[in-house]
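What follows is a set of notes on a single structure, which appears directly below.
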Amino acid sequence: MKKQTVQKDRTYLLKGKSPLSLSIASRDSARFRLLYHDPEANDGKGANRALRYAKNQSSPFQDEQDDTAILEPIVFEDGKLFVSKTNAVLQEFLSYHPGNTENGGGEFYEFDPEKVAQENIENLNLEVDALIAARSMDLNTMKTIGRVHLRGNVDKMSSSELKHDILLFARQNPRDFLDAIDDPELDVNNIAARALSEGFVQLRGGKDLFYSLSDNKKKIMTIPFGQRAEDALSEWLHSDAGKDFYVYLSSNLKD
């Protein structure tokens, strides 16, 4: 049942704060419940088990400790707590602690430099991939991405301004950029954005969309609360009600 099986020194950091000294709860009490739900307890039915850190015990669970338990505080100094691999019981206790971010808490977390390095490598690789894709992107695709994901009127930008903003988007949000390239709905989202910017659809009162054609000024829809006009129109163009207008826009919006 042990969460941690690898014996190694571990460092824990407080999340979002670093006071000179801070003690965290080290035993279950009526004032502060310190429980771990053990799915294997109670013949596999699961049960909450009280936690208690005692340096002279081999288990962090109170029901497995004897009457000689020696309790001591758990203190973070300058937001950090180093626990040697020789203190396996404290490491195990912290792995079960409800304040650990891995258990859904928001008090502290284990700092794992190898994990951080792996995440940084992944992020750097994503950034490289996104920048390479952005650098080789043709102007029409840049406009398509820009209309959906960038602020401002993309069609009034110079090609250099647009390429600059696309490269910036790729560098700052590489995952979002790569997702945008592979988005199967990108073309429809682009049509929706252009329909609004080029006057085929009009937004009135900040909440209602209307046709803006020479022979049709009817209302299309009221935008759902909290949704952007472009997103609402795109969803409507996907529907049976909007498919004919989508065909019309596709043939009339030419780059």
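Quick note: the coordinates plus some simple rules give every number you see, no bench work behind them. These numbers were taken from a predicted model, which means no experiment stands behind them. For neighbour counting, all protein chains shown are included, and Cβ atoms are generated from backbone atoms with ideal geometry for every residue, glycine included.
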Check your understanding: Using r as the Cβ-Cβ distance of Ser250 and Leu126, and R0 as 35 Å, what FRET efficiency do you calculate, to the nearest 0.05?
Key -> 0.65
Practice item. Measure off 7 Å from each Cα along the Cα-to-Cβ vector at Gln202 and Arg228, then give the distance between these two points in nanometres to one decimal. Key: 2.4
Check your understanding: For Ile223, what is the net charge nearby, where nearby means another residue's Cβ is under 11 Å from its Cβ and Lys, Arg count +1, Asp, Glu -1?
Key -> -1
Point to revise | Simple label model, 7 Å out from Cα along Cβ direction - Lys3 to Arg171, nm | key: 3.9
Study note, to complete from the structure: Ranking Gly79, Tyr53, Thr101 by how far each Cα lies towards the positive end of the charge dipole of the stretch 10-111 (+1 on Lys and Arg Cβ, -1 on Asp and Glu Cβ), the top one is Gly79
Point to revise | Sparse-neighbour loop sites [trypsin sites (Lys or Arg not before Pro); the stretch 77-150; at most 13 other C-beta within 10 Å; DSSP] | key: Lys85
Review point. Separation between the Asp66 and Ala88 pseudo-spin-labels, each 7 Å from Cα along Cα→Cβ, expressed in nm?
Key: 1.8
Study note, to complete from the structure: With the 8 Å Cα cutoff and a minimum separation of six or more residues, the stretch 10-111 has a relative contact order in percent of 37
Practice item. Quick one: dipole size for the stretch 10-111, taken about the Cα centre, charges +1 on Lys/Arg Cβ and -1 on Asp/Glu Cβ, in debye to the nearest 20. Key: 360
Review point. Hey, which of these cross-link pairs are over 24 Å Cα-Cα: Lys3/Lys45; Lys156/Lys219; Lys45/Lys115; Lys143/Lys217; Lys3/Lys55; Lys55/Lys80?
Key: Lys156/Lys219; Lys45/Lys115; Lys143/Lys217
Point to revise | Neighbourhood net charge (11 Å Cβ-Cβ; Lys/Arg +1, Asp/Glu -1) for Val154 | key: +2
Review point. So what is the relative contact order for the chain, in percent, with contacts set as C-alpha pairs under 8 Å and at least six apart?
Key: 14
Point to revise | Rel. contact order, % - alpha carbon contacts under 8 angstrom, at least six apart, the stretch 184-255 | key: 29
Review point. If one takes the longest principal axis of the Cα atoms in the chain, at what angle in degrees, from 0 to 90 and to the nearest 10, does the Cα axis of helix 229-238 lie?
Key: 80
Review point. In debye to the nearest 20, how big a dipole does the chain give about its Cα centre with +1 on each Lys and Arg Cβ and -1 on each Asp and Glu Cβ?
Key: 780
Review point. Per residue of the chain, what 222 nm ellipticity follows from adding -39500 (n - 2.57) for every DSSP H run with n ≥ 4, rounded to the nearest 500?
Key: -12000 deg cm²/dmol
